[in-house]
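**Student:** The structure's right below; bear with me while I get my questions together.
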Amino acid sequence: PPAERIIEFINENYCSPDLSLKYLADEFSLKQSSLSAILKLKLETGFHKYLTGLRIEKAKELLLCTDKNIEDIYPECGFVSKQTFFRTFKNEVKMPPAEYRKLYKK
C-alpha cells in the first residue's frame, strides 16, 4: 500500500487507543519493521512521535475550544490513562494541560 494511504489511516484513527505499529502492520499486511521504515522515510520522524504529536494537537484544541474536563479530553485523544496523558503533554508542551488552558484560552 502507498505510504499516503497508511498516513491517512493514522490521521483518521489516531484517537483510537488501539492504534499501534503492530495494529497498522496487521491492517496493511506488512512487517512492523518495514512499516516503521516506510513511515520514518515519509514522515521524517518515527511512528510514535508522529502519533503523539497528533494526539497532543487534538488535546490542545479540546483544551482551548471546549469546556470539557481533562478527564473527558484524554480518552478522546487516544490516551489510555490520565497519568500517561499528563506526562506526555508536559513533555511535549512543557507545561501541564490545566496551565496550558489557563494561559491560552480566550
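**Student:** Out of the residues in the stretch 9-27 that are polar (S, T, N, Q) and assigned to a helix (DSSP H, G or I), which is nearest to residue 77 (Cα to Cα)?
**Tutor:** Going through the qualifying residues, I end up with 13.
**Student:** Got a sec? Which of 50, 104 is more than 28 Å from residue 1 (Cα to Cα) and in contact (Cβ under 8 Å) with a residue 12 or more places away in the chain?
**Tutor:** 104
**Student:** Oh, and also: Examine the stretch 66-81 for a residue that is over 30 Å from residue 3 (Cα atoms), β-branched (Val, Ile, Thr) and not in a helix (DSSP H, G or I), and state whether such a residue exists.
**Tutor:** Yes, because at least one residue in the stretch 66-81 is over 30 Å from residue 3 (Cα atoms), β-branched (Val, Ile, Thr) and not in a helix (DSSP H, G or I).
Here is a yes/no grid of residues against (1) open to solvent by less than 40 Å² (accessible area, probe 1.4 Å); (2) in contact with a Pro (Cβ under 8 Å, 6 or more places away or on another chain); (3) at negative phi:
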site: 15; (1), (2), (3): no, no, yes
site: 27; (1), (2), (3): no, no, yes
site: 51; (1), (2), (3): yes, no, yes
site: 75; (1), (2), (3): no, yes, yes
site: 82; (1), (2), (3): no, no, yes
site: 88; (1), (2), (3): yes, no, yes
site: 95; (1), (2), (3): yes, no, yes
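**Student:** Taking the condition farther than 14 Å from residue 7 by Cα and of a type in the set (D, E, K, R), does residue 22 pass?
**Tutor:** Taking the combined requirement at face value, the residue satisfies it.
**Student:** Quick one: in the stretch 1-27, which of the residues that are small (Gly, Ala, Ser) and either over 22 Å from residue 85 (Cβ atoms) or touching a strand residue (DSSP E or B) at 6+ places or on another chain (Cβ under 7 Å) (or both) is modelled with the lowest pLDDT?
**Tutor:** Among them, the one singled out is 3.
**Student:** Please work out if residue 30 is in a helix (DSSP H, G or I) and more than 17 Å from residue 81 (Cα to Cα).
**Tutor:** no
**Student:** When you go through (1) part of a helix (DSSP H, G or I); (2) under 16 Å from the mean Cα position of the chain (by Cα); (3) surrounded by fewer than 17 Cβ atoms within 10 Å (Cβ to Cβ); (4) not aromatic (Phe, Trp, Tyr) one by one for residue 6, which number turns out not to apply?
**Tutor:** The failed condition is (3).
**Student:** Right, here's the next one. Among the residues of the stretch 89-103, is any modelled with pLDDT under 95 and not hydrophobic (A, V, I, L, M, F, W, C)?
**Tutor:** no
The values are calculated or read from the model by the stated rules, or taken from the named source; none is laboratory data. Model, not experiment: these values are computed from the prediction. In this analysis, Cβ positions are derived from the backbone assuming ideal geometry, glycine residues included, and neighbour counts consider all displayed protein chains. Surface accessibility is based on the protein's heavy atoms, side chains included, excluding ligands, DNA and RNA. Shrake-Rupley method; radii C 1.70, N 1.55, O 1.52, S 1.80 Å.
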